[in-house]
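In what follows, a single structure is set out as structure tokens and then discussed.
The values are calculated or read from the model by the stated rules, or taken from the named source; none is laboratory data. The structure presented is a predicted model; accordingly, all values stated were derived computationally and were not measured. Neighbour counts run over all protein chains shown; Cβ positions are idealised from the backbone, glycine included.
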Amino acid sequence: MKQSKLTIAIFAALLMGILTGWLFPDFAVRLHVLAEIFLRMIKMIIAPLLFATLVVGIAGHGDIKSLGRLGIKTIAYFEVVTTIALFIGLGFANLFKPGEGMGNIASAHLGLNSIIESAATTHHNSFGELLLGLFPTSIFQSMSEGNLLQIVVFCIFFAMAVCAVGEKAKPVLDFLNSLASVMFKFTEYVMFFAPLGIYGAIAYTVGSNGVNILFNYGKIILSLYVALAAFVFFVLFAACKIVKISIRGLIKALQEPALLAFSTASSEAALPKAMKIMEDFGVPKSIVGFVMPTGYTFNLDGSTLYLAMAVIFSTQLVGHPLTFEQQLVIMFALMLTSKGIAGVPRVSLIVLAGTLTSFGIPILGVAILLGIDQILDMGRTTVNLIGNCVATVVIARWENNFDYNKMKEFIDTKNLKLAAVTNIEDYKEGTNGE
């Protein structure tokens, strides 16, 4: 219910921001402070949220060796699929170029002219520089600067040490579990301010550039949804085809949790229902219980695809095109930083802000995307859910532990229910609804 109310509030703020910027442009341009405050609130939770979720995500399963064959297969599948998602996002961002033609917005938005010029002249990342920049001299300095790459590397080594120490490290892991819970709640509180931040961002943008800016927003939304559709129909469809699973039957089975994920823009809201459906679909409970929760740390396909597009959009926005080598460097960075995304609405903005900061790119793109992030989040969250459900099927089949008879029975039952509903509707029409 809270997520539904927040979604309604965000869409109301989006509409009010458009109207304010259109009808009262002079007043609207002064509302940028609301967007700036929200962006600062996002930046302040990057380091502790990423640190807690990554360490718990890696070390929380206990001894890494104990994960065995299932864990290796799961992580391998996640890495392959999310890497493909990143390159699809990169390809569509270069194809559609959603950030080009928005130079006037970039030069005026939130007064970031000098930062943009500075970034355009100082951002010269090579692969060697990236490797050197991965390793922090001080984790506290990395956290204060919001350098996600260095935080991720520290988290990986820290988690490995926690696993190696074993029982003696349990108090540390318990503390980080508590910290992760606190940060999720903290993030939830910050997201309560999302309607105000979105109202200020969209009002300022429309007030400064006119209502025609909505065309540019439409281009961004179209680019992402086309890329997400391509990922589902080519990558997830191919994965299901390989393991001889009907993607149509799976999506039909996931209608209810997918609709919940789309409407709330929260993967966690739909997770329990989706896990139950996958068990009924023929995936063993042990595999569902391992793959699905792990997937919400390591396999958010829609979010990683979006991050690739959003980073390229942000560089196009400030007139700072990247070479192919630089784009590959950023893709490699996103393979690491995207693993810190939690199943909470708008956390992708946090990772995007941190990634841009790590590469010296202005977070102007975050400010622009903030106004329509709810619409973008709905699509990528739904793909996250479907992607993790497909992962459970693939891993179960890989383990030769998928029940095809149970799947057939589930699909047949689902079809019978749909047929029964259709027959009732036909009967009502034939009797004038009596």
So, in the stretch 144-158, of the ones that are modelled with pLDDT under 85 and surrounded by 19 or more Cβ atoms within 10 Å (Cβ to Cβ), which residue ends up farthest from residue 356 (Cα to Cα)? 155
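This table checks each residue for (1) crowded, with 21+ Cβ neighbours inside 10 Å; (2) at pLDDT below 85.
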residue	(1), (2)
30	no, no
37	no, no
49	yes, yes
60	no, yes
64	no, yes
67	no, yes
73	no, no
Given the structure, is residue 321 crowded, with 24+ Cβ neighbours inside 10 Å and not in a helix (DSSP H, G or I)? no
Matching option when the condition is assigned to a helix (DSSP H, G or I), among the β-branched types (Val, Ile, Thr), closer than 30 Å to residue 28 by Cβ and at pLDDT 55 or above, among 116, 105, 84: 105
Check the stretch 282-292 and report whether any residue there is part of a helix (DSSP H, G or I) and either under 14 Å from residue 387 (Cβ atoms) or in contact with a Lys or Arg (Cβ under 6 Å, 6 or more places away or on another chain) (or both). yes
Taking the condition part of a helix (DSSP H, G or I) and either modelled with pLDDT of 75 or more or more than 25 Å from residue 160 (Cβ to Cβ) (or both), does residue 132 pass? yes
Just one listed residue, out of 166, 197, is more than 19 Å from residue 46 (Cβ to Cβ) and not polar (S, T, N, Q), and it is 166
Does the stretch 248-259 hold any residues that are assigned to a helix (DSSP H, G or I) and not small (Gly, Ala, Ser), and which are they? 248, 250, 251, 252, 255, 256, 257, 259
Scan the stretch 356-375 and report the pairs whose first residue is more than 16 Å from residue 16 (Cβ to Cβ) and free of Cβ contacts under 8 Å to residues at least 24 places away in the same chain and whose second residue is basic (Lys, Arg) and surrounded by fewer than 24 Cβ atoms within 10 Å (Cβ to Cβ), with Cβ atoms within less than 9 Å and a gap of 6+ or a chain change. none
Wholly within the stretch 349-434, which helices (runs of 4 or more DSSP H) include no fewer than the required count, namely at least 2 residues that are more than 20 Å from the chain's Cα centre (by Cα) and at pLDDT 85 or above? 373-398, 404-430
With a cut-off of at least 2 residues that are within 27 Å of residue 94 (Cα to Cα) and more than 20 Å from the chain's Cα centre (by Cα), name the helices (runs of 4 or more DSSP H) lying wholly within the stretch 149-247. 194-209, 213-230, 237-242
For the stretch 395-416, which residues satisfy the criterion of being of a type outside the set (Lys, Arg), under 21 Å from residue 271 (Cβ atoms) and out of contact with any Phe, Trp or Tyr (no Cβ under 6 Å at 6 or more places or on another chain)? 395, 402
Can you name the number of the only condition in (1) at pLDDT 90 or above; (2) of a type in the set (Val, Ile, Thr); (3) farther than 19 Å from residue 380 by Cβ; (4) surrounded by 17 or more Cβ atoms within 10 Å (Cβ to Cβ) that residue 235 fails? (3)
Top-ranked residue of the stretch 395-413 - restricted to ones that are in contact (Cβ under 8 Å) with a residue 12 or more places away in the chain and farther than 18 Å from residue 236 by Cα, ranked as surrounded by the fewest Cβ atoms within 10 Å (Cβ to Cβ): 405
